[in-house]
Amino acid sequence: MNRPFRLSVAVPLYNEESVLPELLRRTGIVLDSLAGGPHEIVLVDDGSSDRTLEILEAEAAHNPRIVGVALSRNFGHQAALTAALDHCSGDAVVVMDADLQDAPEVIPRFVEKYRDGYDVVYATRAHRKEAWWLKLSYFLFYRLLAVLSQLDLPLDAGDFALISRRVVEQLRRLPEHNRYLRGLRSWVGFRQIGIPVERGERHSGQSKYSFRKLVELASDGIFAFSIVPLRAAILLGALATILAGLFTVYAIYVRLFLRRSPQGFTALVLLITFLSGILLFFMGIIGEYVGRVYEEVKARPLYIIGKTVGWPPSRKLGVLSPESAATTPMTPTCPAPSKDGTE
């Protein structure tokens with residue numbers, strides 16, 4: 001007999017005390033409308049400094065579908081998403097942010113496409129209710145990454161998506177630290193489709209992605225899926241060498257046949273300054289790649305679990321125990337200590 005379809009909703013949390021109750025309410029209504037079950041909501045507290053974890057524990061105490069994972073500190077959005085994927089047990093997983101810009105009401109549309117045979121169903125942002133400069137930045141970034149990447153990455157597609165169990169398992173096998181999950185999702189392959197979704201305004205609170213963090217995420221996407229910056233250094237160096245060779249020939253001709261030295265001291269100083277800046281710029285590019293290799297070589301865990309809360313009965317029936325989820329995920333992590341203090 002076929003086992004009922006089970007869906008997991010994976011959500012990272014960071015200082016989301018104002019939005020968490022509404023998130024759980026709306027997501028719960030959507031899961032109640034889906035056939036199969038028991039469905040679950042896996043929430044990962046990424047070192048929040050407000051009452052997020054307290055609210056999560058209180059909700060988990062009377063809601064058996066809630067699975068809570070508290071990290072030992074703030075490891076970042078992508079690490080928290082990875083932790084959520086490591087603790088999901090459903091046949092498919094919906095990845096979404098907690099701010100309700102990703103509307104839970106879209107989930108049934110994802111499930112419908114999943115039943116049509118797609119392993120990845122991602123949302124493409126048809127319209128964004130955000131500041132104009134932020135919308136412009138996203139627009140330019142996705143198109144720049146598409147040009148630079150050797151992989152066919154969908155435009156205007158964020159983390160909001162449904163992914164099948166076999167895609168989740170493949171993502172868990174990828175140990176890299178500077179993670180760009182929406183790119184890794186495309187790299188894994190399988191049948192994928194996008195559906196247009198209007199991205200609403202944040203429900204409450206403030207965005208946890210500062211301009212600096214957005215730049216870091218964009219850098220992770222570019223450096224993880226493209227070596228074009230390195231090749232650009234080669235091409236620019238070759239061009240500079242050719243131009244220098246042509247100028248040398250010109251200088252020799254002027255000296256030997258016209259009996260004078262080429263003029264242009266100011267132009268020469270400007271050229272040297274320009275090329276020095278280009279050289280330092282590409283040294284920084286190379287440093288970024290080397291630094292990322294260094295981070296991988298250290299092989300530190302992606303995150304450390306402080307505690308888990310609200311493990312539902314389905315986990316105790318052998319679907320996925322908290323011990324196995326916390327201690328043996330494929331992505332590098334550190335397990336939560338047991339109640340007696342041992343590991």
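The values are calculated or read from the model by the stated rules, or taken from the named source; none is laboratory data. This is a predicted model, so every value here is computed, not measured. Glycine gets a Cβ as well: all are built from the backbone with ideal geometry, and neighbour counts include every protein chain shown.
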task: Pick out the one residue from Arg51, Arg73, Arg65, Arg25 that is in contact (Cβ under 8 Å) with a residue 60 or more places away in the chain and either out of contact with any strand residue (DSSP E or B) (no Cβ under 7 Å at 6 or more places or on another chain) or not assigned by TED's automatic domain parsing to the domain that holds Val197 (or both).
output: Arg73
- line: Those helices (runs of 4 or more DSSP H) completely within the range 124-202 that have 2 or more residues that are assigned by TED's automatic domain parsing to the domain that holds Met96, at pLDDT below 85 and closer than 22 Å to Leu13 by Cβ are 181-188
- prompt: Hey, does the range 283-295 have a residue that's surrounded by 14 or more Cβ atoms within 10 Å (Cβ to Cβ) and in contact with a His (Cβ under 9 Å, 6 or more places away or on another chain)?
  reply: yes
message: Can you find, within the range 9-55, the residue that is nearest to the chain's Cα centre (by Cα) among those that are assigned to a loop (DSSP other than H, G, I, E, B) and of a type in the set (Ser, Thr, Tyr)?
response: Tyr14
query: How many residues does the range 50-84 contain that are within 13 Å of Glu40 (Cβ to Cβ), aliphatic (A, V, I, L, M) and touching a Ser or Thr at 6+ places or on another chain (Cβ under 8 Å)?
result: 2
field: Hits in the range 157-192 - residues which are of a type in the set (Phe, Trp, Tyr), surrounded by 22 or more Cβ atoms within 10 Å (Cβ to Cβ) and either more than 23 Å from Glu112 (Cα to Cα) or without any contact (Cβ under 8 Å) to a residue 60 or more places away in the chain (or both)
entry: Tyr180
message: Condition check: loosely packed, with under 13 Cβ neighbours inside 10 Å, at pLDDT 80 or above and part of a helix (DSSP H, G or I). Does Leu246 satisfy that?
response: yes
